[in-house]
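The next block holds one structure in the form of structure tokens; read it before the comments.
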Amino acid sequence: MFTFFLILVVLALLMVLRMPIAFAMGISGFLGLAMQLGMKPALAVLERTFFDTSSSFILVSIPLFILMAELLTAGDVTRRAIIACQNWVGHFKGGLAMATVAASVLLAALVGSSTASTAAMAASAFPEMRRHKYHDRLSAAVVSVGGTLAVVVPPSIVLVVYGVLTETSIGKLFIAGILPGLLTAAGLCTVIKIIANRTDYAPKGDPFELRKAARSSVNILPIALLIVAVIGAIYGGLTSPSEAAALGVMGSLIVVLAQRTLTIKGLGTSISSSIRATVMIVAIIACSAIFSNYLAFTRVTQTILEFVSTTDMSREVILALIVLILLVMGMFMDQLAILSLAMPLAFPTAMALGYDAIWFGIIVTKTVEIGLLTPPLGLNAYVASAQTGVPLGTIFRGIIPFLIMEIIVLIGLIMFPDITLFLPDLMGK
Amino acid sequence: AETLRLGDFQSTSHVVSLEGTTRWMFAVEQATNGAIKFEHFPAQQAAKSAAQLDAVNNGILDAALLGTLYHSETLPLNSVIGLPGFYGTAVQGTEALQKMLAEGPLREELLDAGVMPIFGFVLPPYQVLAKKHLGGVSDWKALDIRTSGSTQAMTARALGSVGISIPGPEVYTAVERGRLDGVLFPLASVPGYNLQEVVSHISTNGSFGGYSFVMVVGRDKFESLPADVQSVMLEKGREVATHVAKVQDDSVGSLAAEWKAQGIEVYQFSDAELAELGDAMQPVTADWMERIGGEKAQLVLDSYRALTSKK
Amino acid sequence: MDGFGKILQRLEDTLHWGGCLALVIVAVLINADIVMRLVAGIPVQIQFEMTELYLMPALATLSLSRVYRDGGHLALDFMTKDLSGLFGKIVGRMRTLLAGVFFCAVTYMSGSFALKAFLRGEIEYGVINWPLGWAYAAIPLGCGVISLRLLYDTLQKPAA
Ligand code: NA
Ligand code: NA
């Protein structure tokens, strides 16, 4: 236990002294492994962690969706589309931010990975909000929080992994995610509305003119077509979800070439920036794998969960503790690592207490998704910061009101299981 | 008391873990009166599937449940179990594997790789799950079949289909949406991925390849253990291997009944269809032989064929 | 800038374009697969293994150092204001040194792992025989250059 706290202190210290987050997690994880297992095994972990983490077909959607967004932005497609949205809803305070939320929901129906979605929105919607004098703190936070919708709204990698780890119906999990996803989106819009009314973060645009709005609507068409094509390719059985991202890249390229709005230089910059974002993300995933590896060997999670599951506390208290543990793990670890560490104990405990497996899956997913927004390891905030250049501190501060909303939604989902189970129950047993 | 770190890539809810790994650890702990204890790292917590063998050799782990097909580079002879058309049930395949692990090239290969094989068992043979009834070879033409690994991809090609690689977590969506026409899958793992929700036809007596697990302990570690502990590990291993094979065969039976009740067509190939499929899949074995080469491979193949042809 | 610094920069840029090229190939391969399937009914079978084994590790790690040079690896910036003075200098140097040593270890370990695969001629059987050494090689390459960069920065640049 002493070593464990020592390692946590080292991690915190490295981060405070502004060591890049990836490096800090790698170094402290390595030190932990060396103290726990010895030097030779700790070094051996370094042999293939980077390869094992990066050689994954599922990750391919991250660079590809970022590239798609970069191309559309470089080719002026997103700006025109957002101006069109602006013409429709810009006369509301916060209208553009809400349009971003709506776009995030659409994107979430394509993408199963939160980071890919955040990166895409940060590359496309953020610059437009900035152009319309939205405060960076709000815009970057909206982009980060909107990205988390991708893991609740189907398809979702996190739900699939939960389904596989716990042998729960993936189909039902997907259906169950829809209402909580929409509820989260509604919560997001509410917070935006409140912020817009109280501050000048989300200023009103030009007054509404039907003719102008209608005329600019044609600029929404390319993106709408692209989204229909990509969703169509997945749901029509043409491609697997990861492959659809590549289709999106080709579609975006066709759109910007047809519009003659992309320069060769723009193409090069788009590719270069998506590599830059991908390298940063994968470095964090790989290094946090070293750290999770260390956490696995300390058996801290198991010890705590075992303790929780063997006490005679009421089932509500135990559930609250499980959620709390997951929230804390979410501060330090990647979502999939949390599931693989915690589910072997948390799931049987929840089942023994008589909770519903589908409902528990949504609660768990929602909880680990909140972890994407909390420091020190808050992957969505990192991605948004890398893409937009807004300092991390500003983003984390901007996220706070949304985080409160997320917690309220989570509590709502816990107190009213019907919100989650209504749709899957309609499907029948 | 000595605590061994045991790595495992399966999740604890999988039948292989419940009736195999966990059961064996418990049996050894009991029989040694706690002199040996295990720390279990399931679901790739300690090392990725393909890194389990290295992890034992590097001292990250003391023991591991290997999926031998993940290690076909280091354990080429052991990949024989992946070939289609050999064993018909998990019990039959496990008996054959246990014999080959007791002595001969499969055992030597593991010892050379630095690990002591304790016991091995197989999954029931891979079956085909599809959205239509797949019988003889003509039904398979030009279908997109999800396969995992090169041997299975070749099996699909030998049947006239296309072998498609899609990551496990995406198989469900790909089948549901029709990207895939069918999937070669071990039936015991079907509930884990809920594939029964998205297919309408499941075969039960095909043999589209096998899969073997071998529980290993690092050689040095094993040799450092007292003789009575060693023999307890081996003895409990034999019991658990037989047990987990039987449980899997039984569970295939009950799963089939369950699926039938859900309106899925659970079917058997006729003898004529089996013979036709078997003939078509011959080149897969020939290719394996050619690729691995050498006397040992022939020896392994011959003894595997002899051990699995007995009814 | 001295000669070594220039060479290092050249190296980083080259690897970065290597990473970009890998991404382009991924996009082209997957689309070729989809189009060929749709039009001719013939999939591009090497697509999956090529992407997973070679292109993903390459595009994810070759640019590690270039991204570092551009300040692309995120650090927390809201807990401490700019560290200045002697203390800040020492912290800055310790930071690059520690990270440099860490990446040296990763380079050495992943490098010997790749070397072993080359020497033993390790192959992954698939649609074609994939030499694993080349798949593993991207990691020590990317990590090696970032180790050089970090150590170079420790010795050269007046720390921030
Ligand atoms: Na999604
Ligand atoms: Na977090």
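Figures for the structure shown
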quantity: Span from the region B:196-239 Cα centroid across to the region C:1-58 one, whole angstrom; calculated: 39
quantity: Choice from C:ALA27, C:ALA58, C:ALA40 showing the highest fluctuation, given a GNM over chain C with Cα pairs closer than 10 Å; calculated: C:ALA40
quantity: Charge dipole (the protein assembly as shown, unit charges on Cβ, about Cα centre) - positive-most of A:MET98, A:THR148, A:SER216; calculated: A:SER216
quantity: Hypothetical label at C:ILE7: residues of region C:46-77 whose amide nitrogen lies under 19 Å (7 Å Cα-Cβ projection); calculated: C:65-66
quantity: Extent along principal axes [Cα atoms of region B:176-307; Å; largest to smallest]; calculated: 54, 36, 29
quantity: Label-point separation, B:ASP287 to B:GLN262 (7 Å along Cα→Cβ), nm; calculated: 3.2
quantity: Region B:36-105: GluC sites (Glu not before Pro) in DSSP coil with no more than 12 other Cβ atoms inside 10 Å; calculated: B:GLU103
quantity: 222 nm mean residue ellipticity, helices alone, for the protein assembly as shown (DSSP H n ≥ 4; -39,500 (n - 2.57); rounded to 500); calculated: -21500 deg cm²/dmol
quantity: Rounded FRET efficiency, nearest 0.05, which uses the C-beta distance separating B:GLN230 from C:PHE87 and R0 of 56 Å; calculated: 0.45
quantity: Under-5 Å amide H pairs with B:PHE119, H placed in peptide plane, nonlocal only; calculated: B:MET215
quantity: Inter-centroid distance (Cα atoms) of region B:22-39 relative to region C:119-154, Å; calculated: 40
quantity: Whole-number D in µm²/s for region A:149-290 (Stokes-Einstein; Kirkwood sum over Cα pairs; 37 °C, 0.692 mPa s); calculated: 170
quantity: Length-normalised contact order of chain B in % [C-alpha pairs under 8 Å, at least 6 apart]; calculated: 25
quantity: Rg to Rh, two decimals, where chain C supplies the alpha carbon set and Rh follows Kirkwood; calculated: 1.10
quantity: For region A:298-429: span of alpha carbons on each principal axis (Å, largest first); calculated: 47, 41, 22
quantity: Candidates A:ALA229, A:ALA81, A:ALA108: whichever shows maximal mean-square fluctuation once chain A is modelled as a Gaussian network with Cα springs under 10 Å; calculated: A:ALA229
quantity: Region C:5-87: trypsin sites (Lys or Arg not before Pro) in DSSP coil with no more than 12 other Cβ atoms inside 10 Å; calculated: C:LYS81
quantity: Sequence-separation-based contact order of chain A, relative, with Cα cut under 8 Å and 6+ spacing, percent; calculated: 26
quantity: Interchain or long-range residues, amide H under 5 Å from C:ILE123's placed H; calculated: C:LEU132
quantity: Added length on full extension, which subtracts the Cα-Cα distance from 0.36 nm per residue, A:MET1 to A:GLU209; calculated: 68.4 nm
quantity: Solvent-free Debye scattering, log10 I(q)/I(0), computed from the Cα coordinates of region B:1-41 at q = 0.16, 0.22, 0.23 Å⁻¹; calculated: -0.38, -0.67, -0.71
quantity: Max mean-square fluctuation residue, GNM over chain A, Cα-Cα springs under 10 Å, options A:ALA125, A:ALA213, A:ALA24; calculated: A:ALA213
quantity: Debye equation applied to the C-alpha atoms of chain B, log10 I(q)/I(0) at 0.07, 0.11, 0.13 Å⁻¹; calculated: -0.26, -0.66, -0.92
quantity: Relative contact order for region A:326-391, counting Cα pairs under 8 Å that sit 6 or more residues apart, in percent; calculated: 45
quantity: Modelled FRET efficiency - R0 51 Å, A:ASN197 with A:VAL10, Cβ distances, 0.05 increments; calculated: 0.70
quantity: Relative counts (whole %) of C-alpha pair distances in region B:80-233, using bins that are 5 Å wide; calculated: 2, 9, 16, 18, 16, 12, 9, 8, 5, 3, 2, 0
quantity: Low-density loop cleavage sites - trypsin sites (Lys or Arg not before Pro) in region A:228-289, where at most 14 other Cβ are within 10 Å (DSSP); calculated: A:ARG260
quantity: Qualifying lysines (Cα of each under 23 Å from Cα of B:LYS131; at least 8 residues distant if same chain); calculated: A:LYS172, A:LYS429, B:LYS141, B:LYS260
quantity: For B:LYS37, distant residues with modelled amide H under 5 Å away; calculated: B:GLU2, B:THR3, B:LEU4
quantity: Partners for B:LYS236 among aspartates and glutamates (Cα-Cα distance below 19 Å; same-chain residues under 8 apart left out); calculated: B:GLU2, B:ASP8, B:GLU19, B:GLU29, B:GLU39, B:ASP62, B:GLU95, B:GLU103, B:GLU223, B:ASP228
quantity: Geometric extent, Cα atoms of region A:29-170 - Rg, Dmax (angstrom); calculated: 19.5, 63
quantity: Above-threshold pairs, the threshold being 28 Å between Cα atoms, out of B:LYS48/B:LYS221; A:LYS40/B:LYS99; A:LYS40/B:LYS37; A:LYS40/B:LYS48; B:LYS99/B:LYS132; calculated: A:LYS40/B:LYS99; B:LYS99/B:LYS132
quantity: Centre separation in Å (Cα based) which lies between region A:173-202 and region A:333-381; calculated: 21
quantity: Size-normalised alpha-carbon gyration radius of the protein assembly as shown, reference 2.2 N^0.38 Å; calculated: 0.94
quantity: Vicinal HN-Hα couplings computed from phi for region A:262-272 (Karplus, 6.51 cos²θ - 1.76 cosθ + 1.60; Hz; Gly/Pro x); calculated: 10, 8, 4, 5, x, 4, x, 4, 4, 4, 4
quantity: Spacing of the two label points (7 Å from each Cα toward its C-beta) at B:LEU18 and B:LYS246, in nm; calculated: 1.7
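Where a number appears in this text, it was derived from the coordinates with a stated rule and is not lab data. Since the structure is predicted, the reported quantities are computational estimates derived from the model, not experimental observations. All Cβ positions, even for glycine, are placed from backbone atoms using ideal geometry, and neighbour counts span all protein chains on display.
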